[in-house]
Amino acid sequence: MVQRNIDYRLYLVTDRYDYSDDKFLAIIATACANGVTLVELREKSVSSRRYFELAVAVKQVTDRYDVPLIIDDRVDICLAVGADGVHVGDSDLPVDVVRQLIGPDRILGVSVKDTTRAKEALAQGADYFGTGAIYPTKTKVITKHTSLATLQAIAQAVPIPVNAIGGIKTHNITNLAGTGIAGVCVVSEIMQAADVASKVRQLRRAVEMLV
């Protein structure tokens with residue numbers, strides 16, 4: 001388990017949509033400058049070379065703002081670029097295998113849907129959990145609804161941070177009060193914001209009232 005003091009409050013999960021690389025990186029930079037505490041690079045349909053190149057570019061941005069970078073799914077990309085950690089789900093490598101590959105010092109996040117899976121992943125070396133989808137989402141990831149009661153049960157069942165993910169917006173984030181989460185994972189609300197800086201500051205204020 002990672003011993004560093006990681007701030008999970010406002011966790012940006014990227015989506016490139018139809019942006020140019022320059023615009024994509026500019027959004028991430030603005031988000032980091034205005035209060036995002038973690039960035040996860042998530043690419044579901046690109047080549048390994050392309051994923052690597054994007055990860056190198058994104059890491060240059062996150063390093064500039066001293067924001068940890070998490071790589072979605074790909075342990076090899078995480079290690080290749082020296083990212084701070086990796087996030088995996090049920091269709092990826094087993095949690096204990098990922099922990100062996102990345103070593104004890106990198107962050108290991110796991111997507112979980114219930115307390116049984118959370119306890120298993122904790123024993124296998126997880127550092128934090130992402131739980132959702134709390135609300136409907138249009139990201140390119142297959143999701144299944146997770147109730148607030150389940151989110152709260154997972155947060156209460158484990159001693160490591162639990163973040164809510166899925167359709168989280170400024171208008172519904174207050175519904176997460178009392179669930180015991182460490183923070184929220186946000187995709188489109190930041191990546192598609194008309195004013196990224198203002199949106200991130202608004203989300204940061206909101207989440208600080210929750211945790």
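The values are calculated or read from the model by the stated rules, or taken from the named source; none is laboratory data. These numbers were taken from a predicted model, which means no experiment stands behind them. Methodologically, a virtual Cβ is constructed for each residue, glycine included, from the backbone with ideal geometry; neighbour enumeration extends over all protein chains shown. Each accessible area value is taken on the protein alone, full model and side chains, heavy atoms only, with ligands, DNA and RNA left out. Shrake-Rupley method; radii C 1.70, N 1.55, O 1.52, S 1.80 Å.
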Legend entry - Surface accessible to a 1.4 Å probe, Asp66 within the full protein complex, Å²: 130 Å²
Legend entry - Cβ-Cβ FRET estimate between Thr116 and Asp21, R0 fixed at 45 Å, reported to 0.05: 0.65
Inset, instruction - Keeping the other protein chains in place, figure out the carbon and sulfur percent of the accessible area of the stretch 10-209, with a 1.4 Å probe. - result: 50 percent
Inset, instruction - Mind telling me which of Arg99, Arg74, Arg49 comes out most flexible in a GNM of the chain, alpha-carbon contacts under 10 Å? - result: Arg49
Legend entry - Computed [θ] at 222 nm, deg cm²/dmol, the chain (DSSP H ≥ 4; -39,500 (n - 2.57); rounded to nearest 500): -11500 deg cm²/dmol
Inset, instruction - Enter the mean projected area of the convex hull around the alpha-carbon atoms of the chain, in nm², rounded to one decimal. - result: 10.3 nm²
Inset, instruction - For the stretch 103-145 and the stretch 149-207, compute the distance between their C-alpha centroids and round to whole Å. - result: 14 Å
Inset, instruction - Can you tell me the FRET efficiency between Gln100 and Gln60 if r is taken as the Cβ-Cβ distance and R0 is 30 Å, rounded to the nearest 0.05? - result: 0.60
Inset, instruction - Calculate, for Arg205 and Leu148, the FRET efficiency according to 1/(1 + (r/R0)^6) with r their C-beta to C-beta distance and R0 30 Å; round to the nearest 0.05. - result: 0.90
Legend entry - Distribution of pairwise C-alpha distances over the stretch 119-211, 5 Å bins, in %: 3, 14, 25, 23, 19, 11, 4, 1, 0
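Under the 0.36 nm per residue contour assumption, what length would be gained going from the current alpha-carbon distance of Ala197 and Val46 to full extension?
My answer for the length gained is 51.6 nm.
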Inset, instruction - Could you do me a favour and compute the accessible area per residue for the stretch 10-209, 1.4 Å probe, result in Å²? - result: 44 Å²
Inset, instruction - Return the single residue from Asn172, Asn163, Asn34 with maximal mean-square fluctuation; model: Gaussian network over the chain, springs between Cα atoms under 10 Å. - result: Asn172
Inset, instruction - Could I have the simple spin-label model distance between Ala123 and Asp76, label points 7 Å from Cα toward Cβ, reported in nm to one decimal? - result: 3.1 nm
